Amino acid sequence: MEVKDGNEELKNLIIQLKAQIEQERTERKDLECKITRLFSESLDAQRQDAKAFKHSIESAIQRSVANSVKQIEAFIGIQDFFQTGEPALNFHGWPISSDVAQYLVEVVSTERPDLVLEFGSGTSTVLFAKAMKALADSRNRGAGENQKECSPKVITFEHHDDYLKKTADILASHGVQAFVDLVHAPLVEQTVDSESYIFYDCSQKLFEMAALDKGIKQKVVVLIDGPPGATCDNARYPALPVLLDYMAGHEIFVILDDYDRPEEHEIVEKWKALLDKREIPYSFQRLPFEKGAALLKIN
């Protein structure tokens with residue numbers, strides 16, 4: 001009887017021991033999971049701190065560089081003002097960057113276009129006006145009064161009333177307003193390639209320009225710097241289809257600013273597909289500027 005009781009007690013002890021071992025195993029596993037989670041959270045926190053620190057340093061450097069550039073531009077602008085009496089142009093913030101500005105002037109100087117079109121106004125409008133004025137002056141040199149070119153050679157579409165007025169004021173301050181047809185073109189819903197977009201109401205003006213070319217092939221430089229990307233998906237895509245509706249027979253230099261943005265990449269690919277579909281010859285070049293730019297030479 002004592003042996004039987006002893007075996008029973010031993011069995012109970014073994015059962016209790018197994019339960020205790022299992023509980024300790026579970027607790028150890030939970031502890032390991034907790035340690036792993038805490039370690040992972042610690043690493044994530046360190047990564048976030050490092051990322052935030054890196055962003056803070058980069059932002060500080062960008063602000064410092066931008067401020068230095070603005071100071072240099074201001075100094076140069078003052079020197080130019082004393083020499084020419086004209087106010088300086090701003091190339092930072094919303095305006096085009098100075099490398100794009102230089103390229104635009106070079107394009108007008110080397111390609112000698114018959115017409116410049118802009119989607120979006122600003123600093124570039126003044127540059128184009130000055131460059132086209134210089135081009136017209138060179139063409140008019142030695143020409144009779146009846147042969148001189150005097151019609152605007154820059155057509156700019158702008159939807160925003162404040163920017164429209166600001167651009168008009170800047171053009172007037174530089175004395176080149178006569179060379180720009182500054183068009184108020186509200187953003188309206190349009191269907192392009194069976195898709196809905198919100199784009200400049202510019203068809204009537206383009207129709208009028210097409211009626212004036214009298215079938216003569218012209219060289220046209222087009223800068224697409226609007227509408228804002230937040231307007232709709234691929235907001236700047238309609239520019240090329242609309243142009244081709246009225247100017248498909250001309251030699252066109254299409255410059256798209258902000259090409260480093262993913263959406264602008266997508267727009268250019270859609271343009272290429274459109275040109276391929278219509279069997280219109282073109283070449284493409286990426287321009288390595290501050291915010292990136294793309295050049296499509298058509299025809």
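Couple of notes before you dig in:
- Evaluating Leu223 against the criteria (1) within 22 Å of the chain's Cα centre (by Cα); (2) without any contact (Cβ under 8 Å) to a residue 60 or more places away in the chain leaves one unmet condition, (2).
- Neighbours by Cβ (under 6 Å, 6+ apart or cross-chain): first from segment 109-127, in the same structural domain as Ala185 (by the TED database) and over 21 Å from Pro238 (Cα atoms); second at pLDDT 90 or above and crowded, with 24+ Cβ neighbours inside 10 Å: Pro113/Val221
Per-residue answers, yes or no, for (1) within 24 Å of the chain's Cα centre (by Cα); (2) modelled with pLDDT under 80:
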| site | (1), (2) |
| --- | --- |
| Lys54 | no, yes |
| Ile72 | no, yes |
| Glu86 | no, yes |
| His92 | yes, yes |
| Ser98 | yes, no |
| Val105 | yes, no |
| Thr123 | yes, no |
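- Within segment 169-197, the residues that satisfy the criterion of being at pLDDT 95 or above, aliphatic (A, V, I, L, M), within 23 Å of the chain's Cα centre (by Cα) and buried (at least 16 other Cβ atoms within 10 Å of the Cβ) are Leu182, Val183, Ala185, Leu187.
- Here Gly249 meets the list (1) touching a Gly at 6+ places or on another chain (Cβ under 9 Å); (2) within 26 Å of Ala211 (Cα to Cα); (3) crowded, with 20+ Cβ neighbours inside 10 Å almost entirely, failing just condition (3).
- Selected residue (criterion: modelled with the highest pLDDT) from residues of segment 125-167 that are outside any helix (DSSP H, G or I) and exposed (fewer than 14 other Cβ atoms within 10 Å of the Cβ): Arg141
- Residues in segment 199-208 that are surrounded by fewer than 17 Cβ atoms within 10 Å (Cβ to Cβ) and in contact (Cβ under 8 Å) with a residue 12 or more places away in the chain: Asp201, Ser203, Phe207.
The values are calculated or read from the model by the stated rules, or taken from the named source; none is laboratory data. The structure displayed is predicted, hence computed values, not measured ones. Positions of Cβ are generated from backbone atoms using ideal geometry, with glycine treated the same way; all protein chains shown enter the neighbour counts.
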